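One structure, as structure tokens, below. Some questions next.
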Amino acid sequence: MKNKDFKKTNNTKNEFFSKHLLLFVILGISLILSLMSEHFLTMSNFINIARQISINFILAAGLTMVIITGGIDLSVGSIVAFSGVVAGMYLNTGGNFITAILLALLIGTLCGFINGILVSRFKMASFIATLGMMSMARGLALVLTGGSSITIDNSSYTFIGGGYLFGIPMPVVVAVIIFVIVYLLLNKTRLGRTFFAIGGNEEASRLSGIKVANKHLIVYSISGFLAGLASVVLTARLWAAPPIAGQGFELHAIAASVIGGASLMGGTGTILGTLYGAFIIGIIRNGLNLLGVASFWQQFVIGLIIILAVLFDRIRKNKME
């Protein structure tokens, strides 16, 4: 009996370590950076990191669900720009900040819905469909603004990006709310379970009675909605809506999801892992900034991390097979 209890305890420890491996990676990176910079391990810097990763995490939450179903969404960065521009233009006409937020969410959801239609009804590859949307949304943002940034001075709107709730930055509050909702969706609902089933084997899911096309439509619409939400947080924080906003955001969001364990083959991913992935990227970027490393090298490091994460996923998949 004692031997069985020992094995059970040992398995529980191994399972915990495997599930939270990235947490230990975060602690290790933080320890190294704290030894290299005296400014890293401070409460103000930690709050700054949390604020910085909030937008990436919101986008990555949507990307994680798309990736779980076996798809990809390259359009979220451009949707951020397009949604933000529409909200900013409306605010400059004297519009209500709540309506501006709803407009941004509507634009984002509509773009995601179109992506979903192309993928689910017209059987277009998600890479191609969202690549096209990426170009269209960015083009519309530039056309509407003539390439110029739109200034936003509505204090109620900008509170979302720069305000605090009980001492916590509002972008962090929004990110926490999204984490809870997506966690419950993926782990506690039938809809969330169907996302994993579709990513694991789409044909088997279809034969078992799951309406695969509808689920693709839902997941891309959610991704677009979260891109619209990210645009609100970003433009509120910047006090402006630049049409070039969001460039490269889709790559950082995909990176957070993949680093967090989401497989580009579909069927695997967790929102907790995505949060860890977003923190890893945010901590590394913050640390490199504090150390005075050029932004060009930062891009190199993030790209290297993405490659290593995908390579690790491939190796793990091969061992399982």
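Going highest first, how would you order 118-124, 269-275, 294-300 by mean Cβ packing within 10 Å?
The most tightly packed comes first, giving 269-275, 118-124, 294-300.
Next question. Taking the Cα centre of the range 136-286 as origin and charging only Cβ (+1 Lys, Arg; -1 Asp, Glu), how large is the dipole, in debye to the nearest 20?
Once rounded to the nearest 20, the dipole reads 320 debye.
Work through the residues other than G132 whose Cβ is under 13 Å from its Cβ and net out their charges, Lys, Arg +1 and Asp, Glu -1. Let's see the in-between values first.
Numbers: positive: R138; negative: D73.
Once all neighbours under 13 Å are counted, the net charge is 0.
Any idea what Rg and Dmax come out to for the range 82-193 if you just take the C-alpha atoms, in Å?
When restricted to the Cα atoms of the range 82-193, Rg and Dmax are 17.0, 48 Å.
Grab the range 25-320 and count how many Lys pairs have their alpha-carbon atoms under 27 Å apart, sequence gap of 8 or more, or different chains.
Summing the qualifying lysine pairs gives 7.
Quick one: 3J(HN,Hα) in Hz for the range 225-232, Karplus 6.51/-1.76/1.60 with θ = phi - 60°, rounded, Gly and Pro as x.
With the stated coefficients, the range 225-232 comes to 4, 5, 5, x, 5, 4, 5, 5 Hz.
May I ask which residue of H20, G246, A129 lies farthest towards the positive end of the charge dipole of the chain, with charges of +1 (Lys, Arg) and -1 (Asp, Glu) on Cβ and the Cα centre as origin?
Farthest along the dipole direction, towards plus: H20.
Note down the magnitude of the dipole of the range 25-320 about its Cα centre, charges +1 on Lys and Arg C-beta and -1 on Asp and Glu C-beta and zero elsewhere, to the nearest 20 debye. All intermediate terms of the calculation are to be shown ahead of the outcome.
Numbers: 16 positive and 7 negative charges, 163 e Å.
It works out to roughly 780 debye.
Shape verdict for the range 203-321, please, from the Cα gyration tensor: rounded (a/c under 1.5), prolate (a/b greater than b/c) or oblate. Display every interim value, and only then the final one.
Working: a/c = 2.92, a/b = 1.29, b/c = 2.26.
Oblate, because a/c is 1.5 or more while a/b does not exceed b/c.
If amide H atoms are built 1.01 Å from N in the plane of the peptide, which residues on other chains or at least 5 residues away come under 5 Å of the amide H of A241?
HN-HN under 5 Å from A241: I150, T151, I152.
How are the alpha carbon pair distances in the chain distributed across 20 Å bins from zero to the largest one, expressed in percent?
Per 20 Å bin, starting at 0, the Cα pair percentages come out as 31, 57, 11, 1.
Turning to a different aspect of this structure: Which of F179, F279, F225 moves the most in a Gaussian network model of the chain with Cα springs under 10 Å?
Among F179, F279, F225, the largest mean-square fluctuation in the Gaussian network model of the chain belongs to F179.
To continue, here is another question. How large is ³J(HN,Hα), in whole Hz, for each residue of the range 183-193 in order, when computed from phi with the Karplus curve 6.51 cos²θ - 1.76 cosθ + 1.60 and θ = phi - 60°, using x for Gly and Pro?
In residue order, the calculated couplings are 4, 5, 4, 6, 10, 10, 10, 5, 4, x, 5 Hz.
Right, another one. Just check the range 236-303 against the gyration tensor rule for me: Cα atoms, a ≥ b ≥ c as the square roots of the eigenvalues, rounded for a/c under 1.5, and otherwise prolate or oblate depending on whether a/b exceeds b/c.
Note, shape of the range 236-303 comes out oblate.
Please give the peptides 35-42, 158-165, 170-177 ranked by average Cβ packing (other Cβ atoms within 10 Å per residue), highest first, as a rough proxy for protection.
For the peptides 35-42, 158-165, 170-177, the packing ranking is 170-177, 158-165, 35-42.
Only the coordinates and a few stated rules stand behind these numbers; no lab work does. Please read all numbers here as calculations on a predicted model, not as lab measurements. We place every Cβ from the backbone using ideal geometry, glycine too, and count neighbours over all the protein chains shown.
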